[in-house]
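Student: Take this structure, written in structure tokens, and hold onto it; I'll ask about it next.
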Amino acid sequence: MDKARAEAFAHEWIAAWNAHDLDRILSHYEDDFEMSSPAIARLTGEASGTLRGKAAVGAYWGGALKKYPDLRFELRHVLRGTDSVTLIYDGVLGLSAEVFHFAPSGKVARAFAHYDL
């Protein structure tokens with residue numbers, strides 16, 4: 001993952017969330033991507049904390065956008081891995097880190113959210 005690509009993804013991802021544009025947010029992901037988050041377990045009752053596919057994750061995120069009409073993320077730092085990016089940002093759950101693993105298509109195949117809950 002080169003720095004320019006990681007930075008471009010980070011800024012576009014943050015902008016999509018701050019625009020509250022669910023289609024734009026979901027455009028970063030594969031159709032069958034997996035999202036894991038302790039918030040999923042807490043808010044949906046899904047014990048694994050993982051949702052699979054755009055339909056399931058889109059419904060979850062759509063609910064979050066309605067629940068938090070003033071939702072805004074502020075990017076703090078971008079870290080690069082081999083085929084991954086970690087974003088550290090301030091969000092509605094406080095300091096957050098999200099790890100994105102990219103498929104060969106260039107879209108996110110798996111994402112893992114971390115919070116100071």
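Taken together, the values in this text are just the output of simple stated rules run on the coordinates, not laboratory data. All values reported here derive from a predicted model rather than from experimental measurement. Ideal geometry is used to build each Cβ from the backbone, glycine not excepted, and the neighbour counts take in all protein chains shown.
Student: Rounded if a/c is under 1.5, else prolate if a/b beats b/c, else oblate: with a ≥ b ≥ c from the C-alpha gyration tensor eigenvalues square-rooted, which is region 20-78?
Tutor: Rounded.
Student: Take every Cα pair under 8 Å in the chain that's 6+ residues apart, average their separations, divide by the length, and report that relative contact order as a whole percent.
Tutor: Result for the chain is 27 percent.
Student: Roughly how many debye, to the nearest 20, is the charge dipole of region 3-115 about its Cα centre, given +1 on each Lys and Arg Cβ, -1 on each Asp and Glu Cβ, and no other charges?
Tutor: Value, rounded to 20: 120 debye.
Student: List every residue whose amide H lies under 5 Å from the amide H of R72, counting only residues 5 or more places away in sequence or on a different chain, with H placed 1.01 Å from N in the peptide plane.
Tutor: V92
Student: Along the principal axes of its C-alpha atoms, what lengths does region 3-115 span, in descending order and rounded to whole Å?
Tutor: 36, 28, 24
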